[in-house]
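Please read the structure below before turning to the comments.
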Amino acid sequence: MPCFNERPTVETVVERVLASPWVRELLIVDDGSTDGTRDVLPKLIDDRVRIYLQPSNQGKGAALRRGFSEATADYVLVQDADLEYDPAEYGTLLGPLEADKADVVFGSRFQSGEPHRVLYFWHSLGNRILTLASNMFTNLNLTDMETCFKVFRREVIQSLRLEEDRFGIEPEITAKVAAGQWRIYEVGISYSGRTYDEGKKIGWRDGVHALYCIVRYSPIGVRVRRLRPSSR
């Protein structure tokens, strides 16, 4: 659970996560919060909870890398510290893994008859454009590459050499999972999005950087980077 300035929601979402019968451990990586979140975290007393404090705000990607490296359970699931994604749906996400059909599962906000809060048109369109671009470079047919709700077999996510510090981690993970030819499934999920006034942090600059990451971590981008040192 990457966490940055989520004091209003973190306690509630942790309670919901721990109420799930699927949870063996909850790793919370606070990414330099300054709003009092770090005052709340020590109150979250449960043997399954482990808290890691980043020395400064480094970005969601950096927080995820820390959490991935510390995980010990068979499956590793990403849960944001807000209330946009519902921990009650862990069973749906884990179904293809438990059935040994998948190594990675994406929870799609666009492939579901579940309830969705109605919010920003341009944000939704941006997500679809980024997913389309990602699919073009990975040859996947995902409907929601940018989803937070992703779950992996632990050996899969810990085998990836991840580099992105911010929201570019999403297209990077997708590209590297595709390159590894892991079995990928997608399941429909509900989504209770929030407004920027309520704490949403991703912006248009992150969308532009995501496009860069889609190309950078594609097979073409990887080949170009490998050629650069030899061309000097």
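Of note:
- Filter result for the condition that a residue is of a type in the set (A, V, I, L, M), touching a strand residue (DSSP E or B) at 6+ places or on another chain (Cβ under 9 Å) and either in contact (Cβ under 8 Å) with a residue 12 or more places away in the chain or part of a helix (DSSP H, G or I) (or both), over LEU140, LEU130, LEU162: LEU140
- Residues of the stretch 54-65 satisfying the condition of being surrounded by fewer than 19 Cβ atoms within 10 Å (Cβ to Cβ) and touching a strand residue (DSSP E or B) at 6+ places or on another chain (Cβ under 7 Å): GLN54
- Close pairs from the stretch 14-31: first farther than 30 Å from SER56 by Cβ, partner among the aliphatic types (A, V, I, L, M) and part of a strand (DSSP E or B), Cβ under 9 Å, at least 6 apart: TRP22/LEU77
- The stretch 99-124, residues that are modelled with pLDDT under 85 and either in a helix (DSSP H, G or I) or among the charged types (D, E, K, R) (or both): GLU114, ARG117, PHE121, TRP122, HIS123, SER124
- Which listed residue, of GLU84, GLU89, is under 20 Å from ARG7 (Cβ atoms) and not in a strand (DSSP E or B): GLU84
- For the stretch 45-62, taking the residues that are of a type in the set (A, V, I, L, M) and out of contact with any Gly (no Cβ under 9 Å at 6 or more places or on another chain), the one that is farthest from ILE173 (Cα to Cα) is identified as ILE45.
- Checklist (1) outside any strand (DSSP E or B); (2) at pLDDT 95 or above; (3) in contact with a Pro (Cβ under 6 Å, 6 or more places away or on another chain); (4) not charged (D, E, K, R) applied to TYR185, failing item: (1)
- Of PRO8, PRO55, PRO42, all but one fail to be of a type outside the set (D, E, K, R) and either in contact (Cβ under 8 Å) with a residue 40 or more places away in the chain or in contact with a helix residue (DSSP H, G or I) (Cβ under 7 Å, 6 or more places away or on another chain) (or both); the exception is PRO8.
- Residue within the stretch 5-14 that is out of contact with any Ser or Thr (no Cβ under 7 Å at 6 or more places or on another chain), under 18 Å from PHE149 (Cβ atoms) and not in a helix (DSSP H, G or I) present: yes
The values are calculated or read from the model by the stated rules, or taken from the named source; none is laboratory data. Nothing here was measured: the structure is a model prediction, and the numbers come from that model. FYI the Cβ positions are ideal-geometry reconstructions off the backbone, even for glycines, and counts take in every protein chain you see.
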